[in-house]
Each structure stands twice: as C-alpha cells, then as structure tokens.
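Taking it in order: structure first as structure tokens, then the write-up.
Each reported figure results from applying straightforward, stated rules to the coordinates on display, with no laboratory input. From a predicted model like this one, the values you see are computed outputs, not experimental measurements. Don't worry about glycine lacking a Cβ; one is built from the backbone with ideal geometry, like all the others, and counts go over all protein chains shown.
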Amino acid sequence: MIVCQLGDTTEELRRVADDPRNLYLLGSMGMVIPVALGVALTTGTQVIAVEGDGGCLMNLGTLTTVARYGPETLSILVLDNGSYGSTGGQPSATSTGADLAAIGRAAGLGESRQFSHAGSEDALVNWLGMPGPRLAVARTRHSSPPEDRRPPPMLPVENRARFTVAIGRGRPRTPDPT
C-alpha cells in the first residue's frame, strides 16, 4: 500500500503500478506522512509513504508523532531533489544543508538513513521492507516537469472511494442513475 502526493511521481506510480490500495493525495502538500501514519495504525498493513522534501519540511512535526506511535508497518520514503518541484522548482532547505535523515533521527526515528548514490536502489527497496517505522531519504536530481502533464484520470472522490473499498473500510459506489 502506497500513499503519495507528488504530482509527477504520483502519475508515474499510477502508470506503472496502479493498485486500488494506493492512495494518491492531490493538492495536499505535507499531508502524506500523517495520512500514511493513520492508515498504518488503523489497518495494520504495510504502508509506504512517498513524500517530497518540500512536503516533509512543511510538516516536520509529523516525524515526532510517527516516532511516538512507532508503527512497525510504516516506511517513509522522501524523494529529495532540493526543490519544490511541483510548485515551480524553488529551492528547498535541503538544497542549503538541511539533512532530513538527521532530522528524523532527532525526532526519534532511529531508523533514518540517506541514500544518495546511484546503485543504491536495491538497498533502498530492501531497507524499506524491514519493520519500521523507518525513514529513507533518497537524493534525486531536480528535473523539469513534463510538458505534456495531464490532469489525473481519477477524481479525488473516486480515488478515496476506491481506496476505502480496497482496504475494507467502504462500500462500492453505485453509478448515479442521472
């Protein structure tokens, strides 16, 4: 189960590994980790939160809450490109030295690690699969958004309904007869 918000990352995930148990948050920067925490605590299933450096910086206090409740089923992956990519590419605090893995450790997440070199993808995947809570910060390159960016193929209300049914917390929607 994956919870993510990043515009281009969400679209890529939907394209290559769409699953009704994935929750794609839209227009909710900084809310991936709190939502994923709630899902992990209420369902007891493995949840991976995929957040950007900007979203993580926007809601740093959530890391202390994750540490406090300590769900073993929660892994957090922060994709750190040093910028607010979805809002125009403005530099984030990580571009000038803020270390999100160190901040995670200071918040009480003992399992916080930075992955910053090519070839560490397998180690990152294996590390995220271990019992948590854990925080992985993957340094990435800043890139421009695709020129052919399209709106999501699913409305947020449809996404939520599909997700809640998939995790056993909702009923299938019936089409509106009108």
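5 Å is the cut-off here: which amide hydrogens, built 1.01 Å from N in the peptide plane, fall below it relative to Ser112, excluding neighbours closer than 5 in sequence?
Close amide H contacts, sequence-distant or interchain: Leu135.
Testing the spin-label approximation: label points 7 Å from Cα along Cα→Cβ at Asp19 and Arg141. State their distance in nm.
2.9 nm
Restricting to Cα pairs below 8 Å that are 6+ residues apart, what does the relative contact order work out to for the chain? Please round to a whole percent.
On the way: 295 pairs, mean separation 39.1, N = 178.
Across the chain, relative contact order equals 22 percent.
Which residues' amide hydrogens lie under 5 Å from the amide hydrogen of Val3, considering only partners 5 or more residues apart or on another chain, with H built in the peptide plane?
Leu23, Ile48, Ala49, Val50
Using amide H atoms built 1.01 Å from N in the peptide plane, name the residues 5+ places from Gly170, or on other chains, whose amide H lies under 5 Å from its own.
The answer is Val165.
Compute from the Cα atoms of segment 17-76 the Rg and the Dmax, the latter being the longest Cα-Cα distance, and quote both in angstrom.
11.1, 31
As I understand it, the dipole of segment 1-99 uses +1 on the Cβ of Lys and Arg and -1 on the Cβ of Asp and Glu, about the Cα centre. Which of Leu60, Leu77, Thr10 lies farthest toward its positive end?
Value: Leu60.
So what is the relative contact order of segment 1-56, in percent, for Cα pairs below 8 Å that sit 6 or more residues apart? Please report the intermediate quantities before stating the final value.
Working: 71 pairs, mean separation 27.1, N = 56.
RCO, segment 1-56: 48 percent.
Quick check: net charge around Met1, other residues with Cβ under 9 Å of its Cβ, Lys/Arg +1 and Asp/Glu -1?
Details: positive: Arg21; negative: Asp19.
Net local charge, Met1 excluded: 0.
Please give the residues of segment 63-95, grouped as numeric ranges, whose backbone N is less than 13 Å from a label point set 7 Å along the Cα-to-Cβ vector of Ser120.
Only 78-81 fall inside the zone, counting backbone N under 13 Å.
What per residue convex hull volume, in Å³, do the alpha-carbon atoms of segment 1-120 yield? It would help to have the intermediate numbers written out before the result.
Details: hull volume 13.1 nm³, N = 120.
Per residue, the Cα convex hull of segment 1-120 comes to 109 Å³.
Compute the length gained on full extension between Ala102 and Ala166: take 0.36 nm times their separation in residues and subtract their Cα-Cα distance, giving the result in nm to one decimal.
Details: separation 64, 0.36 × 64 = 23.04 nm, distance 3.51 nm.
Stretched fully, the Ala102-Ala166 segment lengthens by 19.5 nm.
Any chance you could run the full-extension gain for Trp127 through Asn59? It's 0.36 nm times the residue separation minus the Cα-Cα distance, nm to one decimal.
Values: separation 68, 0.36 × 68 = 24.48 nm, distance 2.35 nm.
Length gained between Trp127 and Asn59: 22.1 nm.
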